[in-house]
Amino acid sequence: MNDLHYLVLSALLAWGQLMLATELHVRIWTWRGIQQSFGNRDDLDPPSPVAGRAKRAAVNMLENLVLFVAVVTAARFADGDPDVLRMGAAVFFWARVGYFLVYLAGIAYLRSGLWTLSLVGVAMIGMQVF
């Protein structure tokens, strides 16, 4: 796989995180949750702790995805080394997968380490511009 494959996978990961966060919040597996999902969601119950973590992790993924897209685009225009782009993109993607799972589990310090690792992947790609 190359950096563009990981870019698409990262976008799909962000979408999946958003969907899971919403489904955990409205509890789609209940009758009330189904009704809320098809409604305007004006009367949602407060999120459970896991649903809250899922939402925060999904929002964090969107914030970091913007950076990832920017550096991949810039590195592509700069004709960066394809091997470094692939490796940086793989580091970003897999660190973000781990980040989401660890955040859902509520493991604070490991979560921060994985977030930092994902930024290392972004930096690897970004350095290809200079």
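What to note about this one:
- Verdict on Val102 being more than 22 Å from Leu18 (Cα to Cα) and either surrounded by fewer than 16 Cβ atoms within 10 Å (Cβ to Cβ) or among the hydrophobic types (A, V, I, L, M, F, W, C) (or both): no
- Residue pairs meeting the criteria (Cβ under 9 Å; at least 6 apart or on separate chains; first under 13 Å from Leu119 (Cα atoms) and at pLDDT 95 or above, in segment 74-91; second surrounded by 17 or more Cβ atoms within 10 Å (Cβ to Cβ) and aromatic (Phe, Trp, Tyr)): Gly88/Tyr6; Ala89/Tyr6; Ala89/Phe68; Ala90/Tyr6
- Residues of segment 29-44 that are without any contact (Cβ under 8 Å) to a residue 12 or more places away in the chain, exposed (fewer than 15 other Cβ atoms within 10 Å of the Cβ) and of a type outside the set (S, T, N, Q): Trp29, Trp31, Arg32, Ile34, Phe38, Gly39, Asp42, Asp43.
- Condition met for Val69 (β-branched (Val, Ile, Thr) and over 18 Å from Leu117 (Cβ atoms)): yes
- Here Ala21 fulfils each of the conditions (1) of a type in the set (Gly, Ala, Ser); (2) surrounded by fewer than 20 Cβ atoms within 10 Å (Cβ to Cβ); (3) touching a residue at least 24 places away in the same chain (Cβ under 8 Å) apart from (2).
- For Asn64: the one exception among (1) among the polar types (S, T, N, Q); (2) over 17 Å from the mean Cα position of the chain (by Cα); (3) surrounded by 15 or more Cβ atoms within 10 Å (Cβ to Cβ): (2)
The values are calculated or read from the model by the stated rules, or taken from the named source; none is laboratory data. For clarity, every value in this text was computed on a predicted model and none was experimentally measured. Backbone-built Cβ (ideal geometry, glycine too); neighbour counts: all protein chains shown.
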